[in-house]
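The values are calculated or read from the model by the stated rules, or taken from the named source; none is laboratory data. Because the structure is predicted, anything quoted here is derived from the model rather than measured. When we count neighbours, we look across all protein chains shown, and the Cβ atoms used for this are built from the backbone with ideal geometry, even at glycine.
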Amino acid sequence: MTTALGRDPLAAPRPKLWRVSDRSTFVALRRSDHRVRRGALSVTWLPDDRPTPPRVALAVGRGAGGAVVRNRVRRRLRAALRELLVAGRLPAGAYLVGAGRTVADHPWPALVAQLDDAVAAATRSSR
């Protein structure tokens, strides 16, 4: 069995995603020009010149559904972001990833591909 990006999920331990927790980063993300929308996903990126791991914040509003649906969307986004991290496709910086209701039922390979495309587009806009 392989994941959407072609790796064996049992081969290596799950990497930890760092979280955005400080107010100054959230304020800077709000002002960031590196914002991309792909379907029900939106990705805002704040570049970081320091050699730190990527940090992530998730935004899933009540419009996505009840608490069960919102939590499922968050779990799926975290898992997809981990796949990108393991594949080396999540550059350093802070990310704000927003999602709508359809992410809960989106096919897994398509969700990972859509998130990969959004992250690549957001990070490419700065180069």
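Per-structure values
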| quantity | calculated |
| --- | --- |
| Restricting the stretch 24-50 to residues that are hydrophobic (A, V, I, L, M, F, W, C) and within 15 Å of Val103 (Cβ to Cβ), the residue that is farthest from the chain's Cα centre (by Cα) | Ala40 |
| Top-ranked residue of the stretch 48-100 - restricted to ones that are of a type in the set (Lys, Arg) and more than 21 Å from Arg14 (Cβ to Cβ), ranked as surrounded by the most Cβ atoms within 10 Å (Cβ to Cβ) | Arg70 |
| Residue ID - farthest from Val86 (Cα to Cα), chosen from residues in the stretch 103-119 that are acidic (Asp, Glu) and part of a helix (DSSP H, G or I) | Asp117 |
| Residue pairs meeting the criteria (Cβ under 9 Å; at least 6 apart or on separate chains; first more than 17 Å from Pro51 (Cβ to Cβ), in the stretch 78-90; second outside any loop (DSSP other than H, G, I, E, B) and among the hydroxyl-bearing types (Ser, Thr, Tyr)) | Leu81/Tyr95 |
| In the stretch 31-47, the residues that are among the charged types (D, E, K, R) and either surrounded by 16 or more Cβ atoms within 10 Å (Cβ to Cβ) or closer than 29 Å to Asp105 by Cβ (or both) | Arg35, Arg37, Arg38 |
| Qualifying positions in the stretch 101-127 - buried (at least 22 other Cβ atoms within 10 Å of the Cβ) and among the acidic types (Asp, Glu) | none |
| Residue count for the stretch 81-102, restricted to those that are over 21 Å from Leu29 (Cα atoms) and not in a loop (DSSP other than H, G, I, E, B) | 4 |
| Residue satisfying all of: in the stretch 68-127; at pLDDT 90 or above and of a type in the set (Lys, Arg); nearest to Leu46 (Cα to Cα) among these | Arg89 |
